[in-house]
Amino acid sequence: MGCPAFHYSTLNLANKEDGKGNSTLIMAAKVDCKMVEIILSYGGNPNHANQNGDMPLSIAANRYDKETINSLLHEGGDLETAVVRLTSSLRHDSQEKLRENNVIGFCSRPLIFLLADDAYLRCRDPIKTAFRVSNDIKRIKHVRNEFETEFELLIENADTFAYTFLDQCDKMTDAKEIILYPENLLKTAIKQEKKQFVSHPFNQQIINESWNGDFNNTLLYGKTLIALKYIASPIMLPLLFLKLLLVELPRGIKFMESSFAELLKLKFTPCMCFITDALNYLIFLMILICACIFPTDGKYQVGGTDYLLYFCVLSRLIIEIDFLVQQGWGYLRHFWNIVDIIVIVMLCVGAVHNVMIQYRVDGLLKEHKEKKEKIDYKATEGDLMRSHQDSMNVYYMYAVAEFILTLRILGLLEVFKSLGTMMIALKYLVIDVLNFGILLLTVIFGTSIAIYSMTISIHRWNKELKSSVAIFFDGAEDHIFTLLPYNHSHPEGEVTAPAVFETFYDTMRNIMWSTFGLLDVVNLAVEHEARTTVFINIILILYILLSCVLLLNMLIGILGSTFDRIKDNCDIEWKYARSKLLKDYIRAQPLLFPYFAIFFPFIIWFRRRLREERSRKKEKDTSLTTNEETERDKLISALCDRFTCGNLVEESGGKFSDMDQNGGTFEQRIKIRRQRSVLHSSVKVKEQNAGATT
């Protein structure tokens, strides 16, 4: 244009900053949408933040400027970062820190305005962005109770959007392209408990394919053949291993392509690992039941059943440690894993205790044998009694562990739909019963104190009367008298409290049983004390009215409403629970007792080889082209158009129709569609950070 050379500059003025870190785009976002679009066209960075953390999107949201928000999102504005900024006042630790950062307060309106009208559609990856925004809001949902309802609605809207957006796919191949590549969004959804999204039919089909492996889409003959392979695998594995060493390796066949590796790959299928784990639990339970029902004969000797049980405990311990290493601290968030830990700890303590008992008894007998003395039964009676009590403690642990392990089998039934939905409903009902138990125990405690105070008064009255004296005068001389013990504690006879209220423990226990009709309340009476009997009956009547008439009927109503509430949601809950099982068993151990404890190092090595093979296959499948607009981006763009226009956009030869049913032209809908600049936003920002010029 003929300007002097000193007017030239290699600095991109669109990203020029002032002393407070405000870029030109930030200043424009405070004023006008048109200026924002001009600066964006010259390469302005839509994600630049000043020293206070403000960015163009958060500023536009505070101004309620929808056009500016859309323009920034079209150019690659980071919606998640803007959400974090708008909720930053809730992320500080204390009021002092709020004052230090000059934070006045929090208002939910800008956040709601920013996320309105399906703002996720204007992001490069809508489902991924919706997940991240939902997760960020979920972290601070409980910080301020007054905004909890608004946050729950935003989270629900994000989850509903992800489900509805995936529903726009016509084919399973399109859904897999959106869900699995380049990042496994299904795995993220399971981790973040996006139950509705996980229950989508496309996701369930992916889960079924991963869960069943070669079983999936296999006819009856193929399924029967696979089942026979699994049943015969304990015998086939050693034979195929010999075949590998003697035949296949000398011929130059790779290990991962051998028949031995193929059988192991089949056994590493998640459904096979689940069946194996269930069988291991059943074997464990059967051995524990044998140890409880058929104790070892003799003088506190550890028998063969006990040694077999200890071997199973050791094997189970190795399995749980393997799960812990794979899942990290998330292992402790699973209820049934905590149950497994409790059972293993109890059995380990019982095993150590049992060995110590045997060692002590053997040492006692050996000592008398070496001294060649007759056993002093009076001297050893206490030792033998202590050994008996310790042995009973061991069987107490066995009994409790057997009861818990039997309940643990219920957790394996969640994989079946009919039983799984019942288990899920039972879980919510148990929570209601526990809450009801707090109310019932409070009423029982108050009633027990009131009734037991009468029992204490009666005992005190009898004690005072028995210790008192009676004065008898001599008939001849009035001044002569004698003191004799009073023979009767009451004119009508001895006052005795009911035996069911003898102690406070008995009082609480029997009052609780009276709630369920297991105590004869009608015939309870205090002998020779009619007033006390009436008082106790009044207390029991009030208790029966509170517990049986009010509380129990309230519990029935609560359980009924809870069951009705979760009945429609049980299908989603069951699908999510089964998806979590897939996540847990995708790298589980595939061998039964006792093979796993013996071949554990080999299983770890083979699992690593199998993981590497799957990673190479995944990299090959997910390799994206370096073109400006990938096939996945084109697919997302088409789905965004379909989502927004309600399937009114017709595609013909790669071109959209000029008119839709409402008469709107393509030019009128250009702001709704994903712009081509969205696909290049990350590249553009990267070039700007590298010092690109305009």
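The values are calculated or read from the model by the stated rules, or taken from the named source; none is laboratory data. Nothing here was measured: the structure is a model prediction, and the numbers come from that model. In this analysis, Cβ positions are derived from the backbone assuming ideal geometry, glycine residues included, and neighbour counts consider all displayed protein chains. Quick note on the areas: whole protein, heavy atoms, side chains included, nothing else; ligands and nucleic acids left out. Shrake-Rupley method; radii C 1.70, N 1.55, O 1.52, S 1.80 Å.
The set of residues in segment 67-89 that are assigned to a helix (DSSP H, G or I), of a type outside the set (Asp, Glu), touching a helix residue (DSSP H, G or I) at 6+ places or on another chain (Cβ under 8 Å) and open to solvent by 10 Å² or more (accessible area, probe 1.4 Å) comprises Asn70, Ser71, His74, Thr81, Val84, Arg85, Leu86, Ser89.
Within segment 256-292, the residues that satisfy the criterion of being free of Cβ contacts under 8 Å to residues at least 24 places away in the same chain, part of a helix (DSSP H, G or I) and within 20 Å of Arg608 (Cα to Cα) are Glu257, Ser259, Phe260, Glu262.
Of the residues Val198, Val247, only one is more than 18 Å from Arg587 (Cβ to Cβ) and open to solvent by 30 Å² or more (accessible area, probe 1.4 Å); which?
On the way: Val198 fails: open to solvent by 30 Å² or more (accessible area, probe 1.4 Å).
Answer to the selection: Val247.
Being open to solvent by 30 Å² or more (accessible area, probe 1.4 Å), farther than 28 Å from Cys570 by Cβ and in contact with a Lys or Arg (Cβ under 7 Å, 6 or more places away or on another chain) is the requirement here; does Tyr221 meet it?
Working: open to solvent by 30 Å² or more (accessible area, probe 1.4 Å): yes; farther than 28 Å from Cys570 by Cβ: yes; in contact with a Lys or Arg (Cβ under 7 Å, 6 or more places away or on another chain): no.
When the stated conditions are applied, Tyr221 does not pass them.
Which residue, of Ser134, Ser108, is out of contact with any strand residue (DSSP E or B) (no Cβ under 6 Å at 6 or more places or on another chain) and at pLDDT below 85? Let's see the steps before the verdict.
Details: Ser134 fails: at pLDDT below 85.
From the options Ser134, Ser108, the qualifying one is Ser108.
Taking segment 529-541 as the search range and keeping residues that are in contact (Cβ under 8 Å) with a residue 60 or more places away in the chain and of a type outside the set (Phe, Trp, Tyr), which one is nearest to Tyr452 (Cα to Cα)? Of everything passing the filter in segment 529-541, Ile536 is nearest to Tyr452 (Cα to Cα). Within segment 139-159, restricting attention to residues that are open to solvent by less than 60 Å² (accessible area, probe 1.4 Å) and among the aliphatic types (A, V, I, L, M), the residue that is modelled with the lowest pLDDT is Ile140. Restricting the search to segment 264-277, which residues are among the aliphatic types (A, V, I, L, M) and open to solvent by 10 Å² or more (accessible area, probe 1.4 Å)? Within segment 264-277, Leu266, Ile275 qualify.
Asp340 falls short on exactly one of the conditions (1) at pLDDT 85 or above; (2) open to solvent by 50 Å² or more (accessible area, probe 1.4 Å), and that condition is (2). Looking at segment 126-182, the helices (runs of 4 or more DSSP H) lying wholly inside it that each contain 3 or more residues that are of a type in the set (Lys, Arg) sit at 126-139.
When residues in segment 36-66 are screened for being surrounded by fewer than 20 Cβ atoms within 10 Å (Cβ to Cβ) and not in a loop (DSSP other than H, G, I, E, B), 5 of them pass.
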